[in-house]
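The values are calculated or read from the model by the stated rules, or taken from the named source; none is laboratory data. Not measured: the values here are computed from a predicted model. Cβ placement follows ideal geometry from the backbone for every residue including glycine, while neighbour counts extend to all protein chains displayed. These area figures cover heavy atoms from the full protein model, side chains too; ligands, DNA and RNA do not enter into them. Shrake-Rupley method; radii C 1.70, N 1.55, O 1.52, S 1.80 Å.
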Amino acid sequence: MKFIQSTAACTALAMLASCANIQNDQTRTRTEGALAGGALGALAGGIIGNQSGRAWEGALIGAAAGGLAGLAVGDSVARKKARYASQEAWLDACISQAERVNSKAVAYNRSLNQRIRDLEGRYRNAKASGDTGEMRKIKQAVVVMQTESRKEVQRVDVEIKDQTSVVSETGSSSLRSRVSELRSTRSSISSNQERLADLGNQIDV
């Protein structure tokens, strides 16, 4: 009986050690489960079979049954790993997308802020000199900038909505942080939109 126990243990160790050479994580997990189950099954079968004088036969039957059970467990674990890895990749992609959208929105808002400053300066000069032609051009520029800023806000809003849905599903704190950054950027753009509306309202030509 001790011979069966030691043989099963040594076989299990040897086979499990060989799993390290399997590169595919899912395949290795399934193989480890099958081998571990087989070794334990052989040991249990040998003990049971020994009581009836058929230790080797019991060990073989136990190994087969244990191997199948171990494979099932290993397959379940492998599937969970695959889903987790897929979710991680998906989350990484969502985070990267949110960062890209926010980076572009920040750059746009910085440019928008500077252009509004330029228009405000031009308007002060035009008003002081009574240049109605210049004021008309400024008014037209305000309308164009209002249109493009609405498109930018819409783009950010869509991203916020999409990523908020992902956060609700996954609970990712990293993505939640990116959504907060998007909301902050959107608020800054909205402030500049208010400046544009105020400037447009001042120009009465």
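In a fully extended conformation the segment linking residue 177 and residue 131 would gain 11.8 nm over its present Cα-Cα distance, using 0.36 nm per residue. Taken over segment 87-197, lysine pairs spaced eight or more positions apart, or on distinct chains, with alpha carbons under 23 Å apart number 7. A crude spin-label estimate for the pair residue 148 and residue 104, with each label 7 Å from Cα along the Cβ direction, gives 1.4 nm. In the full protein context, segment 95-205 carries 58 Å² of accessible surface per residue, based on a 1.4 Å probe and ignoring ligands, DNA and RNA.
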